Amino acid sequence: MPLRRRGPKSIRPASAGSIPRNRPVSQGSSSSSPSLVWFGALLLYRLANAYSVSTYLVPDETWQSLEVAHRVVFGTGYLTWEWHHQLRSYAYPFYVSTLYRLVQWVLPVDDPFQLGPAKSDSPNATAAFLAVDGTAWAVYLPPIVLGATTAAIIDWYTYKFSRRYLGPLVADWTLVASLLSYPMGTLMVRPLGNAAETAAVAVALYHWPLYVAVRAETAANFPWRAYVRSLAWAALGCILRPTGALVWSCAAVPLLWRWLVYQGPRRFFTELLPGLLAATVTIGAAAVGAMMLIDYAFYGTWVFTPYNFFQFNVQRNLTGTITALAVVAGYSLLEHKEARFLTCLLPIWLTLSGAGLFAFFSPQTTAATTKSAFGTIRSALHHPFGSRRQLLLAALIIGSLGAIGYTNLVHQRGVVDVVNYLRGDVRRQSTQPRVHHILFLMPCHSTPYYSHLHYDVTLSYLACDPPLEPEQIKAGDHYQYPSGEFGRDPAAFLVDYLARLQPASPTEPAASTNHTASGAGDLFALPRDTALHFSPLPSHIVIFSVDLPALAPIFTLNGYLEDRRFFNTHWNGDSRRRGDVVLLRRT
């Protein structure tokens, strides 16, 4: 039996649910694993959270998820230019479409192409028992279930990650931070691909081998099972959003460097690295294969969407060399940036926030003698400075929940209410449709679309595709899409649009206006395969009230009257989206 060389005591691998030997003071003495009952409680909390969402924050929560899945399952839905250029993977909409199919299987959902009252006359035992409108639930239920499940997974695995490496006391404060987090309560409960990516990152981080026996004699002590699990979830996150690879590039560097330093180059390159490469390549190839199969089912051809995405967003839009590996720097290299692109780091931020809350609300003397986080909180609040802590904690809870509630229930709810109202109007109309063409005369993607309306009614909105054709790219800063032209002079734009539709005399045909394609330069964007079955003028027009004073005389002249007004927001940073949402009907 070979003798083992004596050396420094190694750090033993952390098994699932265990804490590393070098525990922080905040560890406490409780080491029992968290119960799944807590996950059920988190899921109920997030279901209530997701059910409260009645507003509209970012277009991608419908246009790049629900809209695509609704088109696949029900046949009505609009695909934006990214899908026609094969820049997006169907992996996330595929998940959403399974929820649509489940609702369709359980409840009676109206056929979008069958207008008239007869479509809902067929009895259904499930619908009668539940006394629900299956079509309405087909619109409401999938986003609620999707958002609640995703957010609960983020809560749960962020808590477990914090518990494993910082101890149960800090973990409980991490959970408090997660439940009160504004991004968690407003963004992660919506059907966004960023939310699903963040959930995958949270699970992968929990399994990621941060503590490993780097000074072991061989690589046999490397936590291969944890590494493979983490890699599988990381690959899933990269399928949903390819830029997630930046996160794991940063995580892999310190792991590999630590093993290289302590094991030495010879042992590292001969014993460990081949296994790491084999596992990484195998899981990566399986993930890429699954993604390409899903995309083939959607596009009807073999396509590698991450390459298309990179080619369009990086090669066309960057003026420099990609040298940074940090996540923020990597995302900064892309022309299109939003704060939600960094939500994949929420599990790390929440863990750090939990450590900060613990340090502030739990003095070390209290933490060292308390076995539970709840006891720590109780003792801390009875500290000589406890009254101040009580006020601060109350302000934190009230302020966070108040901001979440306002964002989910009040801010920008009119753009959702108007589409829900129109869906009910379409559902009740007779075989001679009163609603046959709805024009959203507002900045592009300001409202949900077919995923909320459901029915096969012609919809159109101001196109805002980027310059894609050579002559458009050549125009550079002088290129203007219709949404921008409308914002510059709404009255002139509307007069020109109506003049194109209406003939100058009863015998003169209307001027040609391209309605059937949504490429850049078209006046309005409609589904590419939509057949025109409406009169020259839209039956309904939706606008923001900020534009109504300038457009009211034109509407009156063409027979449009205000049908209904919906409160939208108290204030909006975009001056083009301020005021109420006004629905106009042509008499």
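The values are calculated or read from the model by the stated rules, or taken from the named source; none is laboratory data. Please read all numbers here as calculations on a predicted model, not as lab measurements. Every residue, glycine as well, gets a Cβ built from its backbone with ideal geometry; the counts of neighbours run over all protein chains shown.
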For segment 151-174, enumerate the residues that are β-branched (Val, Ile, Thr) and surrounded by fewer than 24 Cβ atoms within 10 Å (Cβ to Cβ).
Ile153
Give the residues of segment 124-143 that are modelled with pLDDT of 65 or more and within 13 Å of Leu102 (Cβ to Cβ), sorted by residue number.
Gly134, Trp137, Ala138, Leu141, Pro142
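Okay, residues lined up against (1) assigned to a helix (DSSP H, G or I); (2) farther than 19 Å from Thr198 by Cα:
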{"site": "Arg229", "(1), (2)": "yes, no"}
{"site": "Ala235", "(1), (2)": "yes, no"}
{"site": "Ala245", "(1), (2)": "yes, no"}
{"site": "Trp248", "(1), (2)": "yes, no"}
{"site": "Pro274", "(1), (2)": "yes, yes"}
{"site": "Thr282", "(1), (2)": "yes, yes"}
{"site": "Met292", "(1), (2)": "yes, yes"}
{"site": "Val303", "(1), (2)": "no, yes"}
{"site": "Pro306", "(1), (2)": "yes, no"}
Any chance Ala252 is over 30 Å from Val72 (Cα atoms), touching a Pro at 6+ places or on another chain (Cβ under 7 Å) and part of a helix (DSSP H, G or I):
no
Give the residue that is farthest from the chain's Cα centre (by Cα), with candidates limited to residues of segment 442-467 that are small (Gly, Ala, Ser) and not in a loop (DSSP other than H, G, I, E, B).
Ser460
For the structure I just gave you, tell me whether Ser400 is modelled with pLDDT of 90 or more and not assigned by TED's automatic domain parsing to the domain that holds Val170.
yes
Within the bounds of segment 375-395, is there any residue that is modelled with pLDDT under 80 and in contact with a His (Cβ under 9 Å, 6 or more places away or on another chain)?
yes
Tabulated pairs, segment 92-104, first surrounded by 19 or more Cβ atoms within 10 Å (Cβ to Cβ), second outside any helix (DSSP H, G or I) and among the hydroxyl-bearing types (Ser, Thr, Tyr), C-beta under 7 angstrom, 6+ apart or interchain
Tyr92/Ser65; Pro93/Ser65; Val96/Ser65
Does Val201 meet the test of being among the β-branched types (Val, Ile, Thr), modelled with pLDDT of 90 or more and out of contact with any strand residue (DSSP E or B) (no Cβ under 6 Å at 6 or more places or on another chain)?
yes
Examine segment 233-247 for a residue that is more than 27 Å from Pro347 (Cα to Cα) and assigned by TED's automatic domain parsing to the domain that holds Ala204, and state whether such a residue exists.
no
